[in-house]
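Visitor: Starting off with a structure, shown below.
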């Protein structure tokens with residue numbers, strides 16, 4: 001167990017180092033930090049002085065180590081576009097994206113797993129066929145277009161939901177949340193559905209496929225033969241055994257949730273990290289992009305680590321294998 | 001798959017060693033599936049429109065002399081105020097929306113197909129090398145694939161686009177934008193092909209005919225091309241079909257958020273983005289119709305991909 005864990009952490013650190021080197025190269029060679037600081041009408045001596053004071057005349061490897069030290073202490077430089085420290089910009093925007101991701105994750109788990117179980121238990125019912133048809137549409141529907149469609153129906157036609165922004169927020173400590181106000185929750189409905197729809201369809205298909213397979217297994221027939229009630233068999237014995245692949249996919253999806261948040265936030269002008277990212281790409285705001293790269297890499301490494309550990313806790317077979325190895 | 005490979009450890013030879021699509025199985029299954037037939041018909045129509053928009057589109061939308069501002073913002077033909085000359089309505093400059101969609105389709109299909117071909121080639125070559133040679137080369141390629149796989153394709157594509165902007169400068173980027181997009185979509189795509197090909201190659205590598213070829217001192221490149229590639233190719237076709245849909249959606253998404261193809265060559269995503277600006281003022285058709293065109297295209301490809309997977313290799 002410990003060896004397995006250390007291996008994974010070690011791999012994660014290597015990934016982070018590789019990504020940080022990429023971020024460093026971007027930061028160092030795209031755009032000219034000296035020109036950005038000294039201004040276009042500075043003299044050659046002034047630039048040389050700044051170059052020396054920033055340590056940019058040092059060997060590349062030393063500069064990289066310097067950059068690493070800054071990253072570890074949370075310093076990513078100043079945003080070209082906003083003129084504020086990158087770390088503060090990112091921390092300001094993070095709550096909006098995290099709340100959006102959490103809301104869509106809840107939708108994914110409740111609807112996706114629920115519909116998956118239902119269609120697996122009642123494969124021939126009309127409701128199941130309807131759900132499957134909708135899920136095929138959900139996989140083929142580009143999420144930004146779903147957002148556009150919903151804005152048209154629910155904002156333009158019916159005036160039920162706001163078409164942009166987060167509504168009114170409540171500050172708890174440094175965290176501004178939209179979960180506690182009516183308009184905040186209303187504003188969250190369309191963006192979270194847009195973000196979740198692809199994942200709902202995927203999780204549903206996965207749960208259904210796994211569940212159908214497990215339901216044919218010997219131990220389920222044995223449980224039925226023992227006369228256990230159907231509810232207990234379906235939920236405890238069958239569902240428990242379908243969870244491992246579902247967790248991987250949902251976990252990896254959490255990563256692409258962040259990816260798709262870029263799109264959803266643009267559609268709904270949601271003031272989170274995704275919108276920041278698109279704006280930074282358009283403005284070629286290199287310090288923000290480099291920091292973003294590191295941030296995403298960190299999130300993915302952590303997610304992958306947690307998934308591996310969850311596997312371990314859920315599936316006893318892995319524990320046996322790990323002991324043998 | 002199982003029919004195509006000869007087990008190395010026994011003398012038994014499969015009754016029919018031809019790939020599944022030679023056996024009429026594909027055609028028979030196809031004729032039994034009305035939904036797939038419909039999807040193929042839809043896709044063929046899309047392809048015709050995309051290959052020869054000049055023949056099919058009712059108006060030459062890029063010829064500025066044909067535009068008439070008095071036709072601006074006409075609704076679709078069946079809505080009051082619409083005209084049969086512009087079946088799906090017109091945009092702010094009096095451009096026929098149906099024709100704009102048909103020309104946009106050309107860009108979307110081109111980017112989708114070319115980027116999938118590119119990642120297919122990269123992934124196949126790397127997968128063959130990793131699977132055939134193994135060792136450190138395999139470890140290196142698969143490690144890179146693992147890292148790549150943790151980043152969602154859309155993020156990689158946005159990032160590549162951003163880097164290209166920084167490196168090329170805005171003028172050059174404008175000219176090369178389509179190729180930047182193709183590269184940005186192809187780059188994250190190679191991993192899936194590489195992983196699939198690698199796994200199959202590792203199995204096929206040990207088969208008797210490969211060993212025989214090696215004993216005959218046939219060149220390695222020849223063995224890879226003539227003996228291994230044909231035996232690992234089937235699942236790649238299935239994967240590529242589905243990936244074309246994914247690539248088209250990524251391109252549309254990038255264009256929608258304003259990072260994709262330049263406005264001078266509008267794709268379906270660009271049309272939806274422009275149309276979205278008029279949504280609140282009531283000109284709903286400008287965003288909805290290009291979006292529906294995109295949706296049905298992706299749906300048709302997904303249906304065909306699902307069908308191929310079910311028939312050719314259910315284990316994928």
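Visitor: With respect to residue B:147, determine if the residue is within 24 Å of residue A:302 (Cβ to Cβ), surrounded by fewer than 19 Cβ atoms within 10 Å (Cβ to Cβ) and within 14 Å of chain A (Cβ to nearest Cβ).
Guide: When the stated conditions are applied, residue B:147 passes them.
Visitor: Does residue A:131 satisfy the condition of being away from chain B (no Cβ under 14 Å), closer than 30 Å to residue A:206 by Cβ and touching a helix residue (DSSP H, G or I) at 6+ places or on another chain (Cβ under 8 Å)?
Guide: Yes: the conditions hold for residue A:131.
Visitor: Within the range A:241-248, does at least one residue satisfy the condition of being surrounded by 21 or more Cβ atoms within 10 Å (Cβ to Cβ), at pLDDT below 80 and within 11 Å of another protein chain (Cβ to nearest Cβ)?
Guide: The answer is no, given that none of the residues of the range A:241-248 is surrounded by 21 or more Cβ atoms within 10 Å (Cβ to Cβ), at pLDDT below 80 and within 11 Å of another protein chain (Cβ to nearest Cβ).
Visitor: Kindly list the number of the only condition in (1) without any contact (Cβ under 8 Å) to a residue 12 or more places away in the chain; (2) touching a helix residue (DSSP H, G or I) at 6+ places or on another chain (Cβ under 6 Å) that fails for residue A:83.
Guide: With respect to (1) without any contact (Cβ under 8 Å) to a residue 12 or more places away in the chain; (2) touching a helix residue (DSSP H, G or I) at 6+ places or on another chain (Cβ under 6 Å), residue A:83 is out only on (2).
Visitor: Go through B:294, B:308 for me and flag whichever is in contact (Cβ under 8 Å) with a residue 40 or more places away in the chain, within 8 Å of chain A (Cβ to nearest Cβ) and in a helix (DSSP H, G or I).
Guide: B:294
Visitor: Can you confirm whether the range A:201-210 contains a residue that is buried (at least 24 other Cβ atoms within 10 Å of the Cβ), more than 29 Å from residue A:129 (Cα to Cα) and within 14 Å of chain B (Cβ to nearest Cβ)?
Guide: Checked against the condition, which is being buried (at least 24 other Cβ atoms within 10 Å of the Cβ), more than 29 Å from residue A:129 (Cα to Cα) and within 14 Å of chain B (Cβ to nearest Cβ), the range A:201-210 yields no hits at all.
Visitor: Let me ask you something else. Across the range B:258-272, what is the total count of residues that are free of Cβ contacts under 8 Å to residues at least 60 places away in the same chain and facing chain A (nearest Cβ under 9 Å)?
Guide: Residues in the range B:258-272 being free of Cβ contacts under 8 Å to residues at least 60 places away in the same chain and facing chain A (nearest Cβ under 9 Å): 2 in total.
Visitor: Could you list all residues from the range A:72-83 that are over 10 Å from residue A:288 (Cβ atoms) and not in a helix (DSSP H, G or I)?
Guide: Within the range A:72-83, A:73, A:74, A:75, A:83 meet the criteria.
Visitor: OK, next. Of all residues in the range A:113-133, which are part of a helix (DSSP H, G or I) and either crowded, with 16+ Cβ neighbours inside 10 Å or in contact (Cβ under 8 Å) with a residue 12 or more places away in the chain (or both)?
Guide: Selection gives A:113, A:115, A:116, A:117, A:118, A:119, A:120, A:121, A:128, A:131, A:132.
Visitor: Filter the range B:169-223 down to the residues that are in a loop (DSSP other than H, G, I, E, B) and in contact (Cβ under 8 Å) with a residue 40 or more places away in the chain, then identify the one that is nearest to residue B:119 (Cα to Cα).
Guide: The extreme case among them is B:205.
Visitor: Quick one: which helices (runs of 4 or more DSSP H) lie wholly within the range A:2-56 and hold at least 2 residues that are at pLDDT 70 or above?
Guide: Per the criteria, A:2-29, A:44-53.
Visitor: Another question, if that's okay. All but one of (1) more than 10 Å from every other protein chain (Cβ to nearest Cβ); (2) surrounded by fewer than 20 Cβ atoms within 10 Å (Cβ to Cβ); (3) over 15 Å from the mean Cα position of the chain (by Cα) hold for residue B:241, so report the exception by its number.
Guide: That leaves (3) as the condition not met.
Visitor: Related question: Looking at the structure I just gave you, is residue B:183 under 15 Å from the mean Cα position of the chain (by Cα), under 28 Å from residue B:290 (Cα atoms) and modelled with pLDDT under 85?
Guide: Numbers: under 15 Å from the mean Cα position of the chain (by Cα): yes; under 28 Å from residue B:290 (Cα atoms): yes; modelled with pLDDT under 85: no.
Criteria not met by residue B:183.
Visitor: Mind checking which residues of the range A:267-292 are surrounded by fewer than 23 Cβ atoms within 10 Å (Cβ to Cβ), facing chain B (nearest Cβ under 8 Å) and in a helix (DSSP H, G or I)?
Guide: Hits for the range A:267-292 are A:278, A:282.
Visitor: Condition first: touching a residue at least 40 places away in the same chain (Cβ under 8 Å) and under 19 Å from residue A:97 (Cα atoms). Now tell me which residues in the range A:147-173 satisfy that.
Guide: First pass over the range A:147-173, keeping only residues touching a residue at least 40 places away in the same chain (Cβ under 8 Å): A:147-148, A:150-151, A:163-166.
Within the range A:147-173, A:147, A:163, A:164, A:165, A:166 meet the criteria.
Visitor: Let me ask something else about it. Would you check which residues across the range A:159-180 are touching a helix residue (DSSP H, G or I) at 6+ places or on another chain (Cβ under 9 Å), more than 14 Å from chain B (Cβ to nearest Cβ) and under 29 Å from residue A:114 (Cα atoms) and list them?
Guide: Passing the criteria: A:160, A:166, A:177, A:178, A:179.
Visitor: It is to be established whether one or more residues within the range A:143-150 are assigned to a helix (DSSP H, G or I), within 14 Å of chain B (Cβ to nearest Cβ) and farther than 18 Å from residue A:270 by Cβ.
Guide: no
Visitor: From (1) under 20 Å from the mean Cα position of the chain (by Cα); (2) within 14 Å of chain B (Cβ to nearest Cβ), pick out the condition that doesn't hold for residue A:156.
Guide: Every condition holds for residue A:156 apart from (1).
The values are calculated or read from the model by the stated rules, or taken from the named source; none is laboratory data. Note that the structure is predicted; figures quoted are calculated from it, not measured. Neighbour counts are summed over all protein chains in view; Cβ atoms, including those assigned to glycine, are modelled from backbone coordinates with ideal geometry.
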